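**Student:** Quick one: the structure is below, questions incoming.
The values are calculated or read from the model by the stated rules, or taken from the named source; none is laboratory data. Owing to the predicted nature of the structure, the values given are computational and were not obtained by experimental measurement. Reconstructed Cβ throughout: ideal geometry from the backbone, glycine too, with neighbour counts over all protein chains shown. These area figures cover heavy atoms from the full protein model, side chains too; ligands, DNA and RNA do not enter into them. Shrake-Rupley method; radii C 1.70, N 1.55, O 1.52, S 1.80 Å.
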There are 2 protein chains.
Amino acid sequence: MAIPKALKSRINALKLGIGDTRERFFLGEGLTVIREGINSGWFPRWLIVSEENVERYSSVIAQLSSKVEIYVVDKKEMKEISTLETPPGIIGIFPKREISLSDGNIFVIVDGLQDPGNLGTIIRTADAVGANGVVVLKGSIDPYNHKVVRGSMGSIFHIPVVKVEEVESFFNSIKDKYLIIGTSSYGEKLYYDVSWRFPLALIFGSEARGLSKEVERFCDTIVRIPIFGKAESLNVAVACGIILYEVVRKV
Amino acid sequence: MAIPKALKSRINALKLGIGDTRERFFLGEGLTVIREGINSGWFPRWLIVSEENVERYSSVIAQLSSKVEIYVVDKKEMKEISTLETPPGIIGIFPKREISLSDGNIFVIVDGLQDPGNLGTIIRTADAVGANGVVVLKGSIDPYNHKVVRGSMGSIFHIPVVKVEEVESFFNSIKDKYLIIGTSSYGEKLYYDVSWRFPLALIFGSEARGLSKEVERFCDTIVRIPIFGKAESLNVAVACGIILYEVVRKV
């Protein structure tokens, strides 16, 4: 069955990131992402498989066939739809969900983070340490961008990821209860000298500009990771991994 | 002055990664990478700047003008040459160098690593902890691929990065002196339970397949990072950061 024209233009808009924010759907491509969605009870609304991969993905197709509209396309059409140079041959269009945060031990907050791969990796690492959610402050890349979803390797289906537009009121709502720690190359304290405690909100800033002034003033402390060699800084997703693993071992 | 045709086709080949291995040059795009090259005394052979950015990059141009062939191109031509969707407007074509490793405290080794961003980030992190070199075993992405160079944020100019084709003879040459630790999700020991000591060779495997059998048999121990949540694994560059920072604090 051919893909309806409306679905095709929806996919194109999602690929370009047009209307990411208002769109009610997002793209998840490749088996890992789709499988993690299904395992979390988060089913795609539509599934598209290239014909030469139907057998390879037969168990996913069987699992979804009664719940989801499935389209089988030829190689050329898959190439057009895919977000990747080498299409894995399976792509799901997932509905967004209303997600809210409940209380927890650790929240990871990103402030002005622009790189989708970095945000995806941060979501994956937050999931790996068992964090309770990722908060994406305004000015950051949309967490439903297909590159973020891919970088998360499906972790976006495992832990709550929420966007926050009202930065000030968000911090006002957590500041009495949570230890709020910012991270930055000019942080005053080394990350291993902090008395980590739960509940904790850990903030990572933009790759280029670090933390915004608006966010900095809510931080109880700003910490840094020391650099011993000639690199100017660490990749933000690497920094997040180093600090999160320090925290979960220490607390 | 127009870019000579031969240089243009050289750039195209480098962009596509054709002949990466035999090419005597590599691309470094953007101010950070070029500045780190210059600061390390590693000058580009050619520098191309888009005309609307000549003023912005005037100090780099002044620094290089007596040593390097510089071409100023229009926006359209820069767009054609650039490896990036949004060209920063400056690109250098650097000569490769014969690099050899000398003895040191820490070497990071990658085995079958395919993702250029991950390798670039690993080189950057190795530089940040002051490691003595990065060894790229056969079957991995070429470290001079432009995406690796970019991901390294110029760290490829700071520390020795060498390719090794003869895996067995390489490990035979280090195994009596170095503690050789592999990392893998199925490692037998937790990374914080290891008695780390220098000199150390730390190996990270392919994103998809982990360590190769050939490499595993040279490992004194294989370590893992525990996963507390639902993520299947960590990104390899994040794992590298977590372990390297553990090592430099413990030894």
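**Student:** Say we look at region A:190-231 and pick out the residues that are open to solvent by 20 Å² or more (accessible area, probe 1.4 Å) and hydroxyl-bearing (Ser, Thr, Tyr); which of these is nearest to the chain's Cα centre (by Cα)?
**Tutor:** Here the answer is A:212.
**Student:** Let me ask something else about it. Could you give every pair whose Cβ atoms fall below 6 Å, whose first residue belongs to region A:205-232 and is closer than 30 Å to residue B:104 by Cβ, and whose second residue is of a type in the set (S, T, N, Q) and open to solvent by 30 Å² or more (accessible area, probe 1.4 Å), counting only separations of at least 6 or pairs across chains?
**Tutor:** That search, which allows pairs on different chains as well, returns A:224/A:185.
**Student:** Filter region B:77-102 down to residues that are among the β-branched types (Val, Ile, Thr), farther than 25 Å from residue B:134 by Cβ and in contact with a strand residue (DSSP E or B) (Cβ under 7 Å, 6 or more places away or on another chain) and give me whichever is surrounded by the most Cβ atoms within 10 Å (Cβ to Cβ).
**Tutor:** For region B:77-102, the residue satisfying everything is B:90.
Every residue, every condition in (1) touching a Phe, Trp or Tyr at 6+ places or on another chain (Cβ under 8 Å); (2) part of a strand (DSSP E or B); (3) assigned by TED's automatic domain parsing to the domain that holds residue B:139; (4) farther than 22 Å from residue A:235 by Cα, yes or no:
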{"site": "B:197", "(1), (2), (3), (4)": "no, no, yes, yes"}
{"site": "B:219", "(1), (2), (3), (4)": "no, no, yes, yes"}
{"site": "B:222", "(1), (2), (3), (4)": "yes, yes, yes, yes"}
{"site": "B:226", "(1), (2), (3), (4)": "no, no, yes, no"}
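**Student:** Now, a different point. Please go through region A:113-127 and give me each residue that is open to solvent by 10 Å² or more (accessible area, probe 1.4 Å) and of a type outside the set (Asp, Glu), ordered by number.
**Tutor:** A:114, A:116, A:117, A:118, A:121, A:124
**Student:** Given the condition open to solvent by less than 10 Å² (accessible area, probe 1.4 Å), farther than 24 Å from residue A:126 by Cα, at pLDDT 95 or above and not assigned by TED's automatic domain parsing to the domain that holds residue B:31, answer yes or no: does some residue in region B:232-250 qualify?
**Tutor:** Within region B:232-250, not a single residue is open to solvent by less than 10 Å² (accessible area, probe 1.4 Å), farther than 24 Å from residue A:126 by Cα, at pLDDT 95 or above and not assigned by TED's automatic domain parsing to the domain that holds residue B:31.
**Student:** Mind checking which residues of region A:108-146 are within 14 Å of chain B (Cβ to nearest Cβ) and more than 9 Å from the chain's Cα centre (by Cα)?
**Tutor:** Correct list: A:108, A:114, A:115, A:125, A:126, A:127, A:128, A:129, A:130, A:131, A:132, A:133.
**Student:** Shifting gears a bit: Quick check on this structure: which one of B:140, B:185 is at pLDDT below 95 and either open to solvent by 30 Å² or more (accessible area, probe 1.4 Å) or in contact with a Ser or Thr (Cβ under 9 Å, 6 or more places away or on another chain) (or both)?
**Tutor:** B:185
**Student:** With region B:78-164 as the region, which strands (runs of 3 or more DSSP E) entirely inside it contain at least 1 residues that are closer than 30 Å to residue B:51 by Cβ?
**Tutor:** B:90-95
**Student:** Among the residues of region A:149-160, is there at least one that is more than 13 Å from chain B (Cβ to nearest Cβ) and either more than 22 Å from the chain's Cα centre (by Cα) or open to solvent by less than 20 Å² (accessible area, probe 1.4 Å) (or both)?
**Tutor:** Yes, region A:149-160 has at least one match.
**Student:** Same structure again: Can you name every residue in region A:203-223 that is closer than 16 Å to residue A:135 by Cα and either of a type in the set (S, T, N, Q) or modelled with pLDDT under 95 (or both)?
**Tutor:** Correct list: A:206, A:212.
**Student:** Another one. How many residues are in a loop (DSSP other than H, G, I, E, B) and either out of contact with any strand residue (DSSP E or B) (no Cβ under 9 Å at 6 or more places or on another chain) or under 11 Å from residue B:246 (Cβ atoms) (or both) when one looks only at region B:176-194?
**Tutor:** 3
For (1) open to solvent by 20 Å² or more (accessible area, probe 1.4 Å); (2) closer than 20 Å to residue A:148 by Cβ, each residue gets a yes or a no:
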site	(1), (2)
A:33	no, yes
A:37	no, yes
A:41	yes, no
A:50	no, no
A:57	no, no
